[in-house]
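Reading through the C-alpha cells given below for one structure.
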Amino acid sequence: MILGALEAGGTKMVCAIGNEQGEITERVSIPTETPDITVPKLIDFFRDKKIEALGIGCFGPIDLNRNSETYGYITTTPKLAWANYNIVGAFRQALNVPVGFDTDVNGSALGEATWGITRGLENSVYFTIGTGVGAGIISNGKLLHGMLHPEGGHVLLRKHPSDPYEGKCPYHRTCLEGLAAGPAIEARWGKKGVELADRKEVWELEAYYIGQAIVDYIMILSPQRIILGGGVMHQEHMMPLVRQEVTAQLNGYIKTKELEDMNTYIVLPSLNDNQGIMGALKLAMNELEYEKHRP
C-alpha cells in the first residue's frame, strides 16, 4: 500500500511517502508560505507517487465535523493567509484520493498509539510544548473530538506565588501556553530557553506549570500514559522535574499501578521525531476504511 503523509506546520510542511507498516520511504520539507505558493508545491510532490490515500496532520484550529459545510478547512488561525482555507478539498480535488484530516498534535498522538510508546493503550495524552502548546488525546481507543478538537494548551493555571509574569497568551494570559511555551520563557527571562539551560529556577518554574496541567488532565481524562514532546522538553533536566511536580501536586490522591512509576508513566516520544508523519500515514489508512464502509 502506498500512502501519502503531510505534517502541515506553521513554519514548514513535511511531505512523505510510506506504507501501512508506518515505514517512510521518501520525505521532503517545504517552507510554509501562503496557500497559493505552498499548496501547488505539495500537490506536485504527491501527484506522481501513485498514493492510495493522503493523511494530513495540520496546525489549527481546524474543522473536523464531517457534517459541517467547512469540514476540512483551517478556520480561525492567526496565520491569516490560511484562515478559512479548504485544505482537504484542495488535495482531494487535485489528487482524487481519500484525504484523512486531523490536528498535527492528534497526528503525533496517533502515531505513538499505533507504532510507538502508547501502542496497546486505550487512553493516552500527547503534549507538544514548544512555540505553542497542544495536546493530542486518545480516549477509549479513538482520537478525541467534540464540538471542535482539544485545545490543550489553553487550560487555565494557577500562577506560582513567586512568578510576576503576566502571561503571553493574548486570549487567556495565564493558560499553559501563556505561561510555559517558548515565547513565554523568553518574555519572562529575557532570553531563549536554549540560552537558559544552566538556570535551575527557569526549569523548576516551567516544571511547576507543566506538572499542574498534567495533574488537571490526569483528573479529567485518566490517561494510562502521558507523552511530552516539543522543543521545551529537549532540556534534559526537564523530565525529572516534571515527574517530581506531578507527584507533589497529585499529593497521593490517586493510587494506580501506572502512577507507581512516573518514569514509565510520563515519557518522551519514542519514534525519533517521526510520530507526526507516521500518524498522518495512519490517518490516510483510517480514511480508506471510512470510504470503504460509509453508506
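Checking 158, 188 one by one, the residue that is over 26 Å from residue 273 (Cβ atoms) and not in a loop (DSSP other than H, G, I, E, B) is 188 and no other. Checked against the criteria, residue 64 does not count as within 14 Å of residue 102 (Cα to Cα), of a type outside the set (D, E, K, R) and more than 18 Å from the chain's Cα centre (by Cα). With respect to the conditions (1) small (Gly, Ala, Ser); (2) under 17 Å from the mean Cα position of the chain (by Cα); (3) loosely packed, with under 13 Cβ neighbours inside 10 Å, residue 213 falls short on a single one, namely (3). Within region 42-64, identify whether any single residue is part of a helix (DSSP H, G or I) and under 30 Å from residue 147 (Cβ atoms), and answer yes or no. Within region 42-64, one or more residues are part of a helix (DSSP H, G or I) and under 30 Å from residue 147 (Cβ atoms).
Against the list (1) touching a residue at least 24 places away in the same chain (Cβ under 8 Å); (2) open to solvent by 20 Å² or more (accessible area, probe 1.4 Å); (3) touching a helix residue (DSSP H, G or I) at 6+ places or on another chain (Cβ under 7 Å), the condition residue 64 fails is (3).
Once region 100-116 is narrowed to residues that are within 16 Å of residue 59 (Cα to Cα) and of a type in the set (A, V, I, L, M), the residue that is farthest from the chain's Cα centre (by Cα) is 110. Of the residues making up region 122-136, those that are under 16 Å from residue 214 (Cβ atoms) and either of a type outside the set (A, V, I, L, M) or surrounded by fewer than 24 Cβ atoms within 10 Å (Cβ to Cβ) (or both) are 123, 124, 126, 127, 128, 134, 136.
How many of the residues making up region 246-286 are over 30 Å from residue 19 (Cα atoms), open to solvent by 60 Å² or more (accessible area, probe 1.4 Å) and β-branched (Val, Ile, Thr)? Within region 246-286, residues that are over 30 Å from residue 19 (Cα atoms), open to solvent by 60 Å² or more (accessible area, probe 1.4 Å) and β-branched (Val, Ile, Thr) number 1.
Yes/no per residue for (1) acidic (Asp, Glu); (2) without any contact (Cβ under 8 Å) to a residue 24 or more places away in the chain; (3) in contact with a Lys or Arg (Cβ under 7 Å, 6 or more places away or on another chain):
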| residue | (1), (2), (3) |
| --- | --- |
| 103 | no, no, no |
| 111 | no, no, yes |
| 115 | no, no, no |
| 148 | no, no, no |
| 151 | yes, no, no |
| 155 | no, no, no |
| 158 | no, no, no |
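The values are calculated or read from the model by the stated rules, or taken from the named source; none is laboratory data. Source: prediction; values computed, not measured. All Cβ positions, glycine included, derive from the backbone under ideal geometry; neighbour counts span all protein chains shown. Remember, those area values only see protein heavy atoms, side chains included, never the ligands or the DNA or RNA. Shrake-Rupley method; radii C 1.70, N 1.55, O 1.52, S 1.80 Å.
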